[in-house]
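Novice: Before we start, here is the structure in question, set down as structure tokens.
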Amino acid sequence: MHFHITTNSTRAGAERWGDVFFARDLAEALALQGAQATILTRGEDPKPVEGPAVHLKINGPHLEDATPGIANISWMISPATFACPQMLGRFQLVLSASARQAADLARSGLDARLMHQATNTRRFHPSHRPASAETIPVLFVGAYAPRARRRLVTNAIKLGFDVHVHGPGWQGVIPDRCWKGERVPPGQLPGLYASARVILNSHMPTMIEQGIMSNRSFDALAAGAVVVSDLIEGFQAPDIPELMQAGTTEELGRMLTAALQGPPADMQQRLDLHRRVARDFGFDGVAGRLIAMAGDLVAAGTVAPFAFARGPDPQPMPDLVAPERSAREQQKGMAQAALQISRIAAALAGPEPTPATPPAPPETQGVIHALMADLRIAQAAAMDPHATDLTRTMERPAARAQRLLEAVAKGSGAHHALQHPAQRDANMIRIMRNEPLWHGSPDHYLRDPLKRHLRLWPRRAPVPLKRPVGVFLHLYYDELAPVFADRLSRIDAPMRLYVSTDTEAKAARLKQVLPDAEIRVMANRGRDICPKFVGFADRHDDHDIVLHLHGKRSVHSDRLDDWLTHNLDCLLPRRDEINRILSMFDDIAQLGIVAPVIFRNVIGAAHWGDNFDIAREVAHRMGLGDALPDDTRLRFPAGSMFWARVDAIRPLLDLGLTPDHFPPELGQVDGTLAHAIERMIGVCCAAQDLRMLPVAGRGVNQFKPFQQRRTCNGDVRAALLAGEFDES
């Protein structure tokens, strides 16, 4: 039997994930019993092997899809951020470390069984105590963080027990005498556990809520220590009374007092405990049970289905709906598109599918969402009577549509991931793409290239321009008007100011501070992107050079409080530095956009994020096809403030968008048309064969080692054409 074992880790971050070490211990135990194992990381497909095989997915926060064409086992060892019964139903067996979850899934009709976390009893053993080690009364190894406050540990210290704590984040939280260091090397952990009388197992809150006892308890018990854990609902180990669960501070005190009374356990007592733990919670026993379960699945011939598979009973081809037609809300638009894709896939599954007729032009237009590009692919396949290799064409769109429909289906529990309006749109996209529901930078994402920038230098003389500069300023926060009035007064060139806001009352207040501005009141949709690119699209024709600004406030994160000041210090610094920017547009024909150097606190998010699939639709409407850069080559003005030659952004202005193409404002932090267009600004510039130049004023001190200094515009031109500011 061959086990393909997949973990939640990425390949680049494998050594930082606990489930990778968990998988290695399991693979070792499987090998000792004659099975073979290959360890994979998130998103990797198993390679074909000789003989029987199963795919075991060790699911933590992220539930990956079952792999079609092979028997799949899901072992849920920690709470998933999203795992609905419909998705789990594509696994042939579901194992859960939570007794409550296993019972709930079984009641829903799944083959679900309880399988606790486990320990490597060869690594954790009483004999591994160093000869010179002192006995540790109470021990905890783990990090402290605001989302993991470790109440069991802090309460034990408050009760007066001598607790030795190893891990990051504890300084200033507990007395210095208790903190013993930030890190315990993995090779030293077994000896440390074997030297302790009592080990605390203070869980993450989600582990407690879901009823999962972490393997810290089993590692510690296997080393011969007594364990006092949080109260884990549904967990029972009657043969191991050395594992105690404290539901209150009073219980914690009584348990620690009882465990520390009398002399420490001798080696024989610790070895007896080790044997009982090995029998019930050792990887060797788990491996034997998994081999038996996998054998049953292979013998039964059950495998995970493909999302698109040829079959004898096709469904009728549905009436196609124009991809441009959508709902007012992004979630509904994506769900409608997913339903159409799934119906097309079912209709194409027969041996002789009937081609569809093209959809009628849309009567209405709704939001642009992340499944429009997939819907176009599915409809093109449905309308092509000569289409070949439909399986390859349809498998990806069908799988993505399937995941989305499962997420919004009745009884899916989707409210757990989609109940927060600010996160819903992005989470819908992550579910569709089979990605974790947490923020993170992609593998191989390079930050250093984004730090390269030009340090502006002065030009005293104004720049003669053929037409005035057009300044497009969106002010949802109208109290910021004086800030912009001051900055704009530094532009030593003819200028016309266009200001957008969302209420008449704000417009009246803005007129008092910016009396020469043309002010338009627009619906609060699409953040600053819609007002500038849609609401004032007509005014761009009056200018050659434009400046896009807005009253930037990121209310979801106080780490971004200085972002606006940073952008203004780059784009509107001193008068003579603004003259330099304008002179570069005048002298360098290839210059399309001048952007601020990336703000330090957003550099980890300056990639496609949850916006690539929406950008695919925007690119289609711009006539760019699939020519989108990957994350390593994507360059854009993060924060959507920049100077530009109008020709550099012309295709975005000509999209013919309306406010209804943007979802209603719900505080979204990613995954909307506005976020996608922000990234398409750089793509659009490059498509016009123009370059983007990141700059910083003389008062900006970020990324000094990556700062380039020039003394004439000709040198800047040469550096731009040589790719010195955008090479990866």
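The values are calculated or read from the model by the stated rules, or taken from the named source; none is laboratory data. Computed from a predicted structure; not experimentally measured. So basically every Cβ, Gly included, is an ideal-geometry build from the backbone, and we count neighbours across all protein chains shown.
Novice: Counting just the residues of the range 1-48 that are β-branched (Val, Ile, Thr) and touching a residue at least 40 places away in the same chain (Cβ under 8 Å), which one comes out surrounded by the most Cβ atoms within 10 Å (Cβ to Cβ)? Before you say what the answer is, go through the steps one by one.
Specialist: Keep residues of the range 1-48 that are β-branched (Val, Ile, Thr), which gives 5-7, 10, 20, 38-39, 41.
Filter again for touching a residue at least 40 places away in the same chain (Cβ under 8 Å), leaving 5-7, 10.
Details: Ile5: 25, Thr6: 25, Thr7: 27, Thr10: 19.
The qualifying residue surrounded by the most Cβ atoms within 10 Å (Cβ to Cβ) is Thr7.
Novice: On the phi < 0 side of the Ramachandran plot and in contact with a Leu (Cβ under 8 Å, 6 or more places away or on another chain): is that true of His550 in this structure? Give the derivation first.
Specialist: Values: on the phi < 0 side of the Ramachandran plot: yes; in contact with a Leu (Cβ under 8 Å, 6 or more places away or on another chain): yes.
Yes; evaluated as a whole, the condition is true for this residue.
Novice: Still on this model: Evaluate the following for Ala360: is it surrounded by fewer than 19 Cβ atoms within 10 Å (Cβ to Cβ) and not assigned by TED's automatic domain parsing to the domain that holds Pro397?
Specialist: Numbers: surrounded by fewer than 19 Cβ atoms within 10 Å (Cβ to Cβ): yes; not assigned by TED's automatic domain parsing to the domain that holds Pro397: no.
No; evaluated as a whole, the condition is false for this residue.
Novice: Considering the range 448-472 alone, what residues qualify as being in contact with a Lys or Arg (Cβ under 6 Å, 6 or more places away or on another chain) and within 15 Å of Ala719 (Cα to Cα)?
Specialist: Arg455, Leu456, listed by residue number.
Novice: Hey, does the range 175-187 have a residue that's under 23 Å from Ile232 (Cα atoms) and surrounded by fewer than 21 Cβ atoms within 10 Å (Cβ to Cβ)? First the steps, then the outcome.
Specialist: Taking the range 175-187 as the starting set, the residues that turn out to be under 23 Å from Ile232 (Cα atoms) are none.
No, every residue in the range 175-187 fails to be under 23 Å from Ile232 (Cα atoms) and surrounded by fewer than 21 Cβ atoms within 10 Å (Cβ to Cβ).
Novice: Would you check if there is a residue in the range 176-190 being of a type in the set (Gly, Ala, Ser), at positive phi and in a loop (DSSP other than H, G, I, E, B)? Quick ask: steps written out before the conclusion?
Specialist: So in the range 176-190, the residues of a type in the set (Gly, Ala, Ser) come out as 181, 187.
Among the residues that remain, those that are also at positive phi are: 181.
The next check asks that each one be in a loop (DSSP other than H, G, I, E, B); those that pass are none.
Taking every residue of the range 176-190 in turn, none turns out to be of a type in the set (Gly, Ala, Ser), at positive phi and in a loop (DSSP other than H, G, I, E, B).
Novice: Criterion first (assigned to a helix (DSSP H, G or I), touching a Lys or Arg at 6+ places or on another chain (Cβ under 9 Å) and not small (Gly, Ala, Ser)) does Asp613 satisfy it?
Specialist: For Asp613, the condition - assigned to a helix (DSSP H, G or I), touching a Lys or Arg at 6+ places or on another chain (Cβ under 9 Å) and not small (Gly, Ala, Ser) - is met.
Novice: Given the conditions (1) in contact with a Pro (Cβ under 7 Å, 6 or more places away or on another chain); (2) more than 21 Å from Ala12 (Cα to Cα); (3) not β-branched (Val, Ile, Thr), report the number of the one that Pro48 does not fulfil.
Specialist: Failing condition for Pro48: (1).
Novice: Please tell me if Arg650 is of a type in the set (D, E, K, R), outside the structural domain of Pro362 (by TED's automatic domain parsing) and either more than 24 Å from the chain's Cα centre (by Cα) or closer than 19 Å to Gln331 by Cα (or both). First the steps, then the outcome.
Specialist: Details: of a type in the set (D, E, K, R): yes; outside the structural domain of Pro362 (by TED's automatic domain parsing): yes; either more than 24 Å from the chain's Cα centre (by Cα) or closer than 19 Å to Gln331 by Cα (or both): yes.
For Arg650, the condition - of a type in the set (D, E, K, R), outside the structural domain of Pro362 (by TED's automatic domain parsing) and either more than 24 Å from the chain's Cα centre (by Cα) or closer than 19 Å to Gln331 by Cα (or both) - is met.
Novice: Let me ask something else about it. Based on this model, can you work out whether Arg633 counts as charged (D, E, K, R), within 24 Å of Asp448 (Cβ to Cβ) and touching a residue at least 24 places away in the same chain (Cβ under 8 Å)? Step through it out loud before you land on a result.
Specialist: Values: charged (D, E, K, R): yes; within 24 Å of Asp448 (Cβ to Cβ): yes; touching a residue at least 24 places away in the same chain (Cβ under 8 Å): yes.
Spelling it out, Arg633 is indeed charged (D, E, K, R), within 24 Å of Asp448 (Cβ to Cβ) and touching a residue at least 24 places away in the same chain (Cβ under 8 Å).
Novice: For the range 106-145, which positions are aliphatic (A, V, I, L, M) and either modelled with pLDDT under 95 or assigned to a loop (DSSP other than H, G, I, E, B) (or both)?
Specialist: To start, the set of residues in the range 106-145 that are aliphatic (A, V, I, L, M) comprises 106, 110, 112, 114-115, 118, 131, 133, 136, 138-139, 141, 143, 145.
Answer for the range 106-145, where residues must be aliphatic (A, V, I, L, M) and either modelled with pLDDT under 95 or assigned to a loop (DSSP other than H, G, I, E, B) (or both): Leu110, Met115, Ala118, Ala131, Ala133, Ala143, Ala145.
Each row is one residue, and each column tells you yes or no for (1) among the small types (Gly, Ala, Ser); (2) under 21 Å from the mean Cα position of the chain (by Cα); (3) surrounded by 23 or more Cβ atoms within 10 Å (Cβ to Cβ); (4) over 19 Å from Ala370 (Cβ atoms).
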residue: Val602; (1), (2), (3), (4): no, yes, no, yes
residue: Ala606; (1), (2), (3), (4): yes, yes, no, yes
residue: Asp610; (1), (2), (3), (4): no, yes, yes, no
residue: Ala619; (1), (2), (3), (4): yes, no, no, no
residue: Gly625; (1), (2), (3), (4): yes, no, no, no
residue: Phe636; (1), (2), (3), (4): no, yes, yes, no
residue: Gly656; (1), (2), (3), (4): yes, no, no, yes
residue: Ala687; (1), (2), (3), (4): yes, no, no, yes
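Novice: While we're here: Over 18 Å from Pro436 (Cβ atoms), assigned to a loop (DSSP other than H, G, I, E, B) and of a type in the set (A, V, I, L, M, F, W, C), is that true of Val49? Write out each step before concluding.
Specialist: Numbers: over 18 Å from Pro436 (Cβ atoms): yes; assigned to a loop (DSSP other than H, G, I, E, B): yes; of a type in the set (A, V, I, L, M, F, W, C): yes.
Judged against the criteria, Val49 is a match.
Novice: Tell me whether the range 492-508 contains one or more residues that are closer than 20 Å to Gln668 by Cα and touching a Pro at 6+ places or on another chain (Cβ under 9 Å).
Specialist: Of the range 492-508, the ones closer than 20 Å to Gln668 by Cα are 501-502.
Subset that is touching a Pro at 6+ places or on another chain (Cβ under 9 Å): 501-502.
Yes, the range 492-508 contains a residue that is closer than 20 Å to Gln668 by Cα and touching a Pro at 6+ places or on another chain (Cβ under 9 Å).
Novice: OK, next. Within the range 283-292, does at least one residue satisfy the condition of being loosely packed, with under 14 Cβ neighbours inside 10 Å, among the charged types (D, E, K, R) and assigned to a loop (DSSP other than H, G, I, E, B)? Explain how you work it out, then say what you get.
Specialist: Quick first cut of the range 283-292, residues loosely packed, with under 14 Cβ neighbours inside 10 Å only: 289, 292.
Remaining after also requiring among the charged types (D, E, K, R): 289.
Narrowing further to those that are assigned to a loop (DSSP other than H, G, I, E, B): none.
Within the range 283-292, none of the residues are loosely packed, with under 14 Cβ neighbours inside 10 Å, among the charged types (D, E, K, R) and assigned to a loop (DSSP other than H, G, I, E, B).
Novice: Output the residue which, of all residues in the range 71-89 that are surrounded by fewer than 20 Cβ atoms within 10 Å (Cβ to Cβ) and part of a loop (DSSP other than H, G, I, E, B), is nearest to the chain's Cα centre (by Cα). Spell out how you get there, then give the answer.
Specialist: The initial filter retains those residues of the range 71-89 that are surrounded by fewer than 20 Cβ atoms within 10 Å (Cβ to Cβ), namely 81, 85, 89.
From what is left, the residues that are part of a loop (DSSP other than H, G, I, E, B) are 81, 89.
On the way: Thr81: 12, Gly89: 24 Å.
It comes out as Thr81.
Novice: Taking Asn524 as meeting all but one of (1) farther than 30 Å from Phe703 by Cα; (2) among the polar types (S, T, N, Q); (3) under 22 Å from the mean Cα position of the chain (by Cα), write down the number of the exception.
Specialist: Result: Asn524 fails condition (3) only.
Novice: Would you say Thr135 is touching a His at 6+ places or on another chain (Cβ under 8 Å) and not charged (D, E, K, R)?
Specialist: Values: touching a His at 6+ places or on another chain (Cβ under 8 Å): no; not charged (D, E, K, R): yes.
Considered against the rule, which asks whether it is touching a His at 6+ places or on another chain (Cβ under 8 Å) and not charged (D, E, K, R), Thr135 comes out as no.
Novice: Another question, if that's okay. Can you find even one residue in the range 397-416 that is free of Cβ contacts under 8 Å to residues at least 40 places away in the same chain and either within 31 Å of the chain's Cα centre (by Cα) or assigned to a loop (DSSP other than H, G, I, E, B) (or both)? Can you show your working first?
Specialist: Kept after step one, since they are free of Cβ contacts under 8 Å to residues at least 40 places away in the same chain, are these residues of the range 397-416: 410, 415.
If we keep only those that are either within 31 Å of the chain's Cα centre (by Cα) or assigned to a loop (DSSP other than H, G, I, E, B) (or both) too, we end up with 410, 415.
Within the range 397-416 (the criterion being free of Cβ contacts under 8 Å to residues at least 40 places away in the same chain and either within 31 Å of the chain's Cα centre (by Cα) or assigned to a loop (DSSP other than H, G, I, E, B) (or both)), the answer is yes, since at least one residue qualifies.
Novice: Moving to a separate point now. Condition test on Leu139, is it under 30 Å from Leu26 (Cβ atoms), not basic (Lys, Arg) and not assigned by TED's automatic domain parsing to the domain that holds Gln236? First the steps, then the outcome.
Specialist: Values: under 30 Å from Leu26 (Cβ atoms): yes; not basic (Lys, Arg): yes; not assigned by TED's automatic domain parsing to the domain that holds Gln236: no.
Spelling it out, it is not the case that Leu139 is under 30 Å from Leu26 (Cβ atoms), not basic (Lys, Arg) and not assigned by TED's automatic domain parsing to the domain that holds Gln236.
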